[in-house]
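To start, the structure itself, in structure tokens.
None of the figures in this text is laboratory data; all of them are computed from the coordinates on show. Here the structure is a predicted model, which means the values were calculated and not measured. Using ideal geometry, Cβ is built from the backbone for each residue, glycine included, and neighbour counts are taken over all protein chains shown.
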Amino acid sequence: MNFDFSILNPKARSLVGLNIGSAAIKMVELSAGRGEGYQLECYAIEPLPEGAVSDGNIANHDAVTGAIARCWKRLDTATRYVAMALPTAAVITKKIILPANLRESAMEVQVESEANQYIPFTLDEVNLDFQVIGPTANDPDEVEVLIAASRKEGVEDRVAVAEAAGLKPVVMDVESYAMLRAFELVREQFAGSTPETLFALVDIGASAMKVTMMRGDQQVYTREQAFGGNQLTQDIVRAYGMSFDEAEALKRTGPMPENFASEILQPFLDALALEVSRAIQFFFTSTQYSEVHHIVLMGGGALLPGVAPVVAERTQIDTVLANPFAEMMLSSKVRPKQLVQDAPALMVACGLALRRFDP
């Protein structure tokens, strides 16, 4: 969903990708690198207090606004234009087929007519957008069109907190689309991959784990499980008598108590690996596929030390941490070692920052 693009020529002006997660605000700014590549100008991650964002909804506007303002200050940029995203579950999407020769105004009428059939709200309650994907495979006189609709309040809440923090939202995307845009940069790092190579993208969030199976540029399966980093935080709260926010800070910065790795972290990683293994088994039993070639871990939960080897051992599948910046040039503001640690949590923010380069 786009706002007023008259104020933004994506190629001419900078754009910050702003991702509002359940546990943290993440921001990424990219610029054009050499040739067809990109340069990472800067990024920042700012934690959110417990409950500020719940099930993708902004529950505490002041807390989220404050975190966005602090994150932007740490970003150390003059750019105030931001691309944001709605949680995937908050957006209804549908692909439809329309005649290729329709003018845009006629296409809008058709889209609204089609949307009425699929959206359980009146059209004045929703933000409705559409994008022409391209000609259909069977008939060049027809085009495939993607419709996206979401409740206005979800969009308005995100715009409100960004504006209250002094920023100017110009793009509203969908988190899953932003993540897949960044995944294209990750996939390029697998030299032997083909259109048949099957990737399991495992996004380990604070409260849920989303598993998306990608074959070529096709999403062939998706599943969400109620398992996330908050469970480790609660384990820390119980073990050491801390508050939730203190436990979150300990997870991020340490130092860890002596028995943490063996008694708290390892059981959590084992449970996480079991959840990934179960998700893959569900995929095998509910589709015609019987093999996954690579697992790519992302999200805040992928920042935990040792998570990739534990998942690889449990599943017996090559497992890597997502890093969409691996082939990028880095500005002098970016610390390479720290970036490698943070990169898996920045997939959505990176995908949003890439909107600057839209044709």
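What does the charge count around residue 110 come to, taking other residues whose C-beta lies under 11 Å from its C-beta (Lys +1, Arg +1, Asp -1, Glu -1)? Don't jump to the answer; show the numbers that get you there.
On the way: positive: 103; negative: 104, 108, 112, 114.
Residues near residue 110 contribute -3 overall.
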Discussion item. Can you show me the helix-derived [θ] at 222 nm for the chain, built from DSSP H runs with n ≥ 4 at -39,500 (n - 2.57) apiece and divided by the number of residues, rounded to the nearest 500.
Written reply: -10500 deg cm²/dmol
Practice prompt. Calculate I(q)/I(0) for segment 158-254 by the Debye formula, one identical point scatterer on each C-alpha and no solvent, and give its log10 at q = 0.10, 0.12, 0.21 Å⁻¹ to two decimals.
Written response: -0.46, -0.64, -1.02
Worksheet item: Between segment 288-319 and segment 217-268, how many Å separate their Cα centres?
Response: 17 Å
Discussion item. Sort 268, 325 by Cβ crowding within 10 Å, fewest neighbours at the top.
Written reply: 268, 325
Discussion item. What whole-number distance in Å separates the alpha-carbon centres of segment 329-344 and segment 81-136?
Written reply: 37 Å
Discussion item. Show me the trypsin sites (Lys or Arg not before Pro) within segment 251-347 that DSSP assigns to loop and that have at most 14 other Cβ atoms within 10 Å of their Cβ.
Written reply: 333
Discussion item. Can you find, among 123, 90, 140, the residue sitting farthest towards the positive end of the charge dipole of segment 90-152, where Lys and Arg contribute +1 and Asp and Glu -1 at Cβ?
Written reply: 90
Discussion item. Suppose the chain between residue 226 and residue 330 were pulled fully straight at 0.36 nm per residue; how much longer would it get relative to their current alpha carbon spacing?
Written reply: 33.9 nm
Discussion item. Filter 95/337; 210/337; 73/251; 94/337; 152/251 down to the pairs with a C-alpha to C-alpha distance above 31 Å, please.
Written reply: 95/337; 94/337; 152/251
Worksheet entry | With Cα atoms, 0 to 90° folded angle of helix 152-164 axis to the chain main axis | 60 degrees
Discussion item. Checking a compactness column here: for the chain, what do you get for Rg(Cα) / (2.2 N^0.38 Å), N being the number of residues?
Written reply: 1.01
Worksheet entry | Using a Förster distance of 41 Å, the FRET efficiency for residue 112-residue 13 (Cβ separation, nearest 0.05) | 0.85
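Compute the longest continuous run of the chain that contains no exposed GluC sites (Glu not before Pro); treat a site as exposed when its DSSP state is not H, G, I, E or B and it has at most 15 other Cβ atoms within 10 Å.
Between exposed loop sites, the widest span is 37-187.
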Discussion item. Using a 7 Å offset from Cα along Cα-Cβ at residue 156, what residues in segment 108-127 end up with backbone N under 19 Å from the label point?
Written reply: 120-127
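Can you give the charge dipole size of segment 191-321 about its Cα centre, rounded to the nearest 20 debye, using +1 on the beta carbon of Lys and Arg and -1 on the beta carbon of Asp and Glu?
Approximately 200 debye in magnitude.
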Worksheet, complete the sentence: In terms of the alpha carbon gyration tensor, root eigenvalues a ≥ b ≥ c, rounded if a/c is under 1.5 and otherwise prolate when a/b exceeds b/c or oblate, segment 242-359 is oblate
Practice prompt. Please go through segment 47-138 and write out the trypsin sites (Lys or Arg not before Pro) that DSSP classes as loop and that have at most 13 other C-beta atoms within 10 Å.
Written response: 103
Response to the item:
Note: residue 102 to residue 191 extended length (0.36 nm per residue) minus current alpha-carbon separation gives 27.9 nm
